[in-house]
Amino acid sequence: MIETERIKGQRAVKVRYLKNIFPLDSLAFKEYTHYLRHYPDARNLGVLRKVSMVEGNNELEKCLRKYVMRNILKKIDDNQPLEYLSELRPVTIVFVNLQFDESANTMHLSKAIQDASLRIAELIHSHRGKINKVFMFDKGCTFLCVFGLPGDKQPDETTHALDSAFKIFKYCSAMLMKIKLVSIGVTSGPVFCGVVGHRVRHEYTVIGQKVNLAARMMMYYPGVVSCDATTYTSSRLPNYFFKELPQTEMKGVANPGVVYHYLGISEKTTIGKASLTTERSEYYPLLGREKEINLFQTSLKKFMGSTEGCVIMFEGLMGYGKSQLLTEIAHLGMEAGHKVVAMELTKINVNQNFFGIRALMAMFLGIDACKSYDARQHTLQSKLRDVADETCYCLLNNLFLVKFPISEEVSKMDSEERKIKMEKFLMEILQRAVKKDLLIFVIDEAQFIDSASWEYLENLLSKVPIFMIMALSPFHYRARQPCPSAVNIIKSPQTTYVQLRELKPSVILQKACQDLGVVSIPRELETFLIQRSHGIPYYCEELLRNLYLHNALMFHVLDEEEEIEDEWERLFTNPVKGMTFKTSSSISLESAEKELYICTICQNVKLQNITLPPSLKGIALAEIDNMSPSEQMVVKCAAVIGQNFTTELLFHILPEWTKNKMIQTLAALVEANIFKCFHQGREFQIAVEHDLSSLDIYDPVRKMNLTGKETGVQMSVANRIRLEQAVMQCSGMGFCMALMQEAAYELWLKSQKEALHHKCAAYLQKQAHKCKRCGEGDFISFHRYAIEMTLEIPDDQELVFEEPEEYPFSEAASLVTAIALGKIESPSFEGIDRKVVPAEMCSQENNTELNEEIPESRNKLNTIFSGVQSYLDTAAVVMRTISRHSPSRIFRPLDEDIHMPIFSRRHGSVAQNATEDHHISAFSRGLGSIIPHIAEDIGRLLKKDGTLLEENLRAEAAQKEFLDRMDEIIRLFGQGRGKITYMASCECEQIVASVFMPLARHCMAIGDEDRALYYLLECAAAYLRLSNNYMAFMNLNIAESLIKSLDPRRNVISPFEEATFYSLKGEVCYNMGQMKLAKKMFKKALSLLGRKFPLTSIGVFFKTVTEMSKHASQQKNQPCPHPSNTGEKKLACLYQQNHCLSLLWQIFSQDSANTSRKFSQLAALMSVNSAEESEDEHQIISSYIEYALCCQTIGCQDDWMKYELMAIQRSSHLKLVGGGLLTTIKLAQSLAYIKHCLGNLPLSIELGYRAHEICLHLKKPNQDYMILSVLFQSLFLSMRNQECKQVLQWLEKLAIREEKILAQACLFSSCLDLLLYAGWTYKPFKECLEFVQQNETNCILMSQSGIMLGLYSSLAIWFARLQQWDNFREPFEKARRLMRRTSASLFAAYGCCSFLECHILRLHNHAEIKPQKVRETRTRVLKTLEEVFSRCSTSPIYYARIYHLKAYVFLMLGHEEQSQFYLEKGLEVSDMYGNFLERSWLEISDEWWFTAREPMEDLWLKTAPDFPTWEGDLSEAEIRKFHRTKYLMRAPALDVDNPFPEEK
């Protein structure tokens, strides 16, 4: 039923209401009229009329369909909107102009035009060409033909167009009546293809400059087939098919370029012109085809003495490097002294009868270079003089276009007999030739061999032993089947069929450097080439050529000694300089003297914005046009979303599709390898990467279906059903090739793109927040509240910061910790008992209730205090009786009493040794009987003022309570109590990739710069959170370009966003080790946030006084903890201030200058004040921990312990829900890290085990791998090998399950540590080396300079110890370049120590082999020693290693007293910090250098490289052997008279 309203003065009516009703009868009709009150009742039906639908006229529709092109009809039948039929795509235009004689009448013209139309349609139809228009004007009849319309794209489009144009020219010139002149113009390029005209009458046509140019060429170059330079180049036809035409000024065409006359194909012009077009160069070697070359050489050796021919066929798509491979093979054959005949065919040769054999024999006989028949005839006579009788020469007349006299015998033969005789004659020539030399035929583009030549080759190979190499494209790719003779050769047992694979990413990068003539390229260009080239060499070449033509690349001379200042633009460029690719297998002396160049990207150039080169776009469009209309629509819509997309968003933007139709279409595209599903992509990707490195030899007959047998229908249906199920279950999809996405995206018109981008942005905006697992907030805290625009968030998504449901044990745990801590408070600690613990928690009622529930808490505390005094007495005695040279310096025996705490996952408890024994043995075993795991800290504190003891004990007790609290959390997790549903895996990484990054791109596409900047900053912050510095760098680069492009008069960036931008840039610089640049960025961000940081020492003094006063005031007036009431905008600023200051103090702490300590402490103090002002417990706890670490670094022992205790006390009343629980984990992680760095390894181990257990329950892999890495280091230095093995098993499982590249890097770094220092193996060295080689170009891994420094240094140490100095050089240079880029992380500190060892081993080598370089190397080593010692200021656990290496340096320099002093210092420090591993090595060095009476055996060198694995239940002798498997650092033999000669 339709309700309408009349429009005054119009015949039309306005529809107001529509309703579908059931089959209408009179009763139902009456009911409906009464139901609508404003309708008249059934007695007055004047305005109510029944409406009937007009049925379609099938006959009329059939007639009208003839006037619409078939590919357009398919899209209309697929219910695609008319506006989606229009595209912007490259096509080839053919304009044909027919001018008739003046005597031609209407009948003549009608007949001629009809004949021409039929013939033109017939000629172009086989190549998917279409006649778009036929029209008459004063200069004759014109046909507009188009090749490459939607659905018609083919790879050889321009060649087909030229061939069709030439055939049309010949036919029309000869066959049409009254024809006077035929002119044809052919052009290629992008044009508008779509619907134009009024809606009453549409027309599908083409519009563009190339259309106009073809029309002008047709008229200004009459009587010929003319083409433009683009068509000439893209046709890839030999240049002798064309002739350059003189330039003519054409109306409406400013710069037409060179115009060519297409001559067509002539037999005379193609004699012998088939040599290889690819030239070999010593400076341009073949890359990535070593296995194919080995196959050729192996097969050639086996072929020696064979009586039958042998064939190797290399199959590969266009651009796979077949031509260069065959050129290299031909060179190797000639270099071996064999007769090699190499030729290359073209697409026009497939239709030339016997051309393949004629060209091959012409080159074999040496007549291919002869320009006249006389020269050819003379050459043939000289070649055939001893081969055959001259009467047979005439058989070659037609074959080689010569004029030998026809003999009487030959004159009597018919054509068939002459053909047979000629073929036998050619075979006799070859049979005689193979008796003298081994004959190798090399044929490139063998798919263009004609059928007659295939037949002859089949016969030849069965009778003559010829070694033949062929390269060809797949026959199915050319949409034609091979002839029977070709199939027989392919199926022959003498044929080896090899399918070429894509090149590895590392080889593509080598090729890029080779093509550009440089030794390194920037990281951004590497990613660009790897993603878009898809491992295909030709794609890489075209992309580089396109970038060069767009002036996107710059080239600089490489200066190896240049110290480049920190620059943001070169942040990911400079490290690549160390990873240079050699452009040849061996660098000659001549090339070594030349200047080396590096490539960079021009400033303000964004590679993503550069359009595809036409050649690659044509290849991608050809594949798109071979799809069905539905598949094309899905591909085009997915291209708007981006490289990766979700099916929900795709369904949202598809025009009027059903879910079932989309699933079926996606399944077809997955089957065709256009799309890939994310959920099954991991295993599939691993398999593909494995295949890329293998040589695939297979039976091509099955693949090409040459036998005619088809697979079963049932199997095909079952596979499709499985694919559809996989698509329905997948969380996201992506394009298999980036080129496909870019080519499909460029098909849309500008208005269409904007409309689709707007739909995508509106849909994604609802999902633009962190995952539920992480609280659904902004990645930049309170970001949306700090900006001056409104983000459209639905009502159900507004409260994204609301905390999730609490865990049932949070209140009890808070009460336990708060009251326990309250019992050990003292008035000397300013107000902590009043300010931190809530008043309601300290009431008598609560105390009573708590005592009833957990009576053991007081008993544990009483036990702690009762043993303190006796513990101190015993410790004093022990410290006086320990001898410096006594073996008892190790507090714990190496083979006993070293065990992890008895930790029960099921019950979450830690078995404690609550004994009353206070003898000296308790101290020697770690003093774990009274206060577990705090012996090292208290042992060091005993040397200091006794006034600190009370605070130290409170801190240790607080740490104990914190451990108990974590045990309670684990116990409740294990029991599954409460509603613990907040356990899903973190999905932020997927959200950033599928929501935030596309959303930023969509906002930029629709011109919404403000929102684009917002989401770009969110992306950068998210990737920093995910440890992906490279992607953060890329997003910040895009944001910077966006900021620069804004008009300051219309767009004003808020100070907060600008400050956030600089803050994020500073964090990236900090992570990459660019400390100067990071410091500059943070100071700028703080200035914009209204928190200026002083620049001078005087300013620091006054600022420190102000901040300390502010801190004291906040401590005094601190309220009970409660949710913050501070405004969200102010909170956003405070969070950013805290973040900047947190990293700024760490930057200052690395500076060795005395004033830097004051700067560092001020920054940490300002961070504390900002956190306290925010009243956010998570921020406050984090700032306290960092301030404690800062104080420890600068030597403020009292403040260190105080703020560490404050942080732990603050955490006691956190609610163990999402945020509180994560803060607890981060606190445990931070404490484990700090305790490891400071040498309290037992406590670090305790915290590490518990934090790992909770991370398993919370499914936090990003935190877990860092926790396991620190845990391994603590166990490793404690020589707890069995537990080290267990932790590595956990880390390996995590790395495999989550596919975290950083987790894998930590795993292999730990494995290298075991090989170098522990004497046993978890992963062999070869596997570690392969990991580094395969992943060193990974952007995520390369952004972690600390980890890579450790990996490269470990590799260099291994090679140096084994005296493999050629292998040592490369990882050492890479580590050296990373030294100045490391941050103040644990990995960086350890990597610096490893690099120092590399440098010292290099000094030892120079002392023995290159004494003239000792002086220079010694200077660098001493400088590195000081630098490393300064960098390890925050990690004193590694002081023992530094002192050990320093002792070795002075031993090599001949200063034994200094060497012994530092050795003693190393032993003392290793005892102080519990570094048992280094102590065992120091003792061996002490014995080896100073006390050994006999030469010691180097067990490490004796065992390497085959180290044993660690097995459980080892005997004492076996454990002792492992502990003594250390590398012996030998002192070199120097010239006593001249130990350090000057370098000449």
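A few remarks follow.
- So Val96, is it modelled with pLDDT of 95 or more, more than 30 Å from Val640 (Cβ to Cβ), surrounded by 22 or more Cβ atoms within 10 Å (Cβ to Cβ) and of a type in the set (A, V, I, L, M): yes
- Residue match in segment 497-509 (condition: crowded, with 21+ Cβ neighbours inside 10 Å, among the basic types (Lys, Arg) and under 30 Å from Ala1032 (Cβ atoms)): no
- Scope segment 1065-1096; condition open to solvent by less than 30 Å² (accessible area, probe 1.4 Å) and within 14 Å of Cys1133 (Cα to Cα); matching residues: Phe1082, Ala1085, Leu1086, Leu1089, Arg1091
- The number of residues in segment 1028-1070 being closer than 22 Å to Asn1138 by Cα and small (Gly, Ala, Ser) comes to 5.
- Residue that is nearest to Leu503 (Cα to Cα) [pool: residues in segment 517-565 that are open to solvent by 50 Å² or more (accessible area, probe 1.4 Å) and modelled with pLDDT of 90 or more]: Glu541
- Residues in segment 1016-1059 that are free of Cβ contacts under 8 Å to residues at least 40 places away in the same chain and open to solvent by 30 Å² or more (accessible area, probe 1.4 Å): Glu1040, Ile1043, Ser1045, Asp1047, Pro1048, Arg1049, Arg1050, Val1052, Pro1055, Glu1058.
Let's see how each residue does on (1) over 60 Å from the mean Cα position of the chain (by Cα); (2) in a helix (DSSP H, G or I); (3) of a type in the set (A, V, I, L, M, F, W, C); (4) under 16 Å from Phe354 (Cβ atoms):
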residue: Leu380; (1), (2), (3), (4): no, yes, yes, no
residue: Tyr393; (1), (2), (3), (4): yes, yes, no, no
residue: Leu399; (1), (2), (3), (4): no, yes, yes, yes
residue: Pro405; (1), (2), (3), (4): yes, no, no, no
residue: Glu409; (1), (2), (3), (4): yes, yes, no, no
residue: Lys421; (1), (2), (3), (4): yes, yes, no, yes
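- 1 or more residues at pLDDT below 80 and among the hydrophobic types (A, V, I, L, M, F, W, C): qualifying helices (runs of 4 or more DSSP H) within segment 686-760: 700-704, 713-729
- Taken together, Glu1416, Glu1397 contain a single residue that is assigned to a helix (DSSP H, G or I), open to solvent by less than 50 Å² (accessible area, probe 1.4 Å), farther than 13 Å from Met1348 by Cβ and among the acidic types (Asp, Glu), which is Glu1397.
- Residues located in segment 644-653, provided they are surrounded by fewer than 19 Cβ atoms within 10 Å (Cβ to Cβ) and at pLDDT 85 or above: Glu648, Phe651, His652
- Some residue of segment 1408-1415 being under 25 Å from Phe1033 (Cβ atoms) and in contact with a helix residue (DSSP H, G or I) (Cβ under 7 Å, 6 or more places away or on another chain): no
- Some residue of segment 118-137 being modelled with pLDDT under 95, open to solvent by less than 50 Å² (accessible area, probe 1.4 Å) and among the hydroxyl-bearing types (Ser, Thr, Tyr): no
- Residue within segment 1339-1354 that is crowded, with 22+ Cβ neighbours inside 10 Å, over 24 Å from the mean Cα position of the chain (by Cα) and without any contact (Cβ under 8 Å) to a residue 60 or more places away in the chain present: yes
- Take the conditions (1) open to solvent by 60 Å² or more (accessible area, probe 1.4 Å); (2) closer than 25 Å to Arg1376 by Cα; (3) in contact (Cβ under 8 Å) with a residue 60 or more places away in the chain; (4) not hydroxyl-bearing (Ser, Thr, Tyr); Leu1501 misses just one of them, which is (2).
- Subset of segment 1469-1491 that is free of Cβ contacts under 8 Å to residues at least 40 places away in the same chain and open to solvent by 40 Å² or more (accessible area, probe 1.4 Å) - its residue that is farthest from Glu1427 (Cα to Cα): Thr1491
- Test: residue in segment 38-52 that is at pLDDT 75 or above and within 30 Å of His202 (Cα to Cα): no
- Test: residue in segment 761-779 that is open to solvent by 40 Å² or more (accessible area, probe 1.4 Å) and more than 30 Å from Thr1060 (Cβ to Cβ): no
- Of all residues in segment 1259-1305 being of a type in the set (Ser, Thr, Tyr) and over 26 Å from Arg773 (Cα atoms), the one that is farthest from the chain's Cα centre (by Cα): Ser1278
- Only one of Gly366, Gly356 that is within 55 Å of the chain's Cα centre (by Cα) and farther than 30 Å from Asp156 by Cβ: Gly366
- When segment 220-241 is filtered for residues that are farther than 15 Å from Phe147 by Cβ, crowded, with 18+ Cβ neighbours inside 10 Å and touching a strand residue (DSSP E or B) at 6+ places or on another chain (Cβ under 8 Å), the ones remaining, listed by number, are Tyr221, Val224, Ser226, Tyr232, Phe241.
- When residues in segment 99-117 are screened for being surrounded by 15 or more Cβ atoms within 10 Å (Cβ to Cβ) and β-branched (Val, Ile, Thr), 1 of them pass.
- The C-beta contact set for segment 382-402 (first residue closer than 18 Å to Gln431 by Cα, second residue open to solvent by 90 Å² or more (accessible area, probe 1.4 Å), distance under 6 angstrom, 6+ apart or interchain) comprises Val387/Arg432.
- Those residues of segment 290-320 which are open to solvent by 70 Å² or more (accessible area, probe 1.4 Å), charged (D, E, K, R) and either in a helix (DSSP H, G or I) or without any contact (Cβ under 8 Å) to a residue 12 or more places away in the chain (or both), in sequence order: Glu290, Lys291, Lys301, Lys302
- Matching option when the condition is of a type in the set (A, V, I, L, M, F, W, C) and either more than 30 Å from Ile601 (Cα to Cα) or part of a strand (DSSP E or B) (or both), among Leu461, Leu503: Leu461
- Residues (open to solvent by less than 20 Å² (accessible area, probe 1.4 Å), within 21 Å of Leu1386 (Cα to Cα) and in contact (Cβ under 8 Å) with a residue 12 or more places away in the chain) located in segment 1144-1162: Leu1144, Trp1145, Ile1147, Phe1148, Ser1149, Ser1160
- Count of segment 61-83 residues which are polar (S, T, N, Q) and part of a helix (DSSP H, G or I): 1
- Residue check for Gly1073: in contact (Cβ under 8 Å) with a residue 24 or more places away in the chain, more than 19 Å from Leu1165 (Cα to Cα) and assigned to a loop (DSSP other than H, G, I, E, B): yes
- Per-region count, segment 382-420, residues closer than 27 Å to Lys435 by Cα, open to solvent by 70 Å² or more (accessible area, probe 1.4 Å) and either of a type outside the set (D, E, K, R) or at pLDDT below 85 (or both): 6
The values are calculated or read from the model by the stated rules, or taken from the named source; none is laboratory data. Here the structure is a predicted model, which means the values were calculated and not measured. Cβ: placed from backbone, ideal geometry, glycine included. Neighbour counts: every protein chain shown. Side chains included, ligands, DNA and RNA excluded: accessible areas come from the protein's heavy atoms. Shrake-Rupley method; radii C 1.70, N 1.55, O 1.52, S 1.80 Å.
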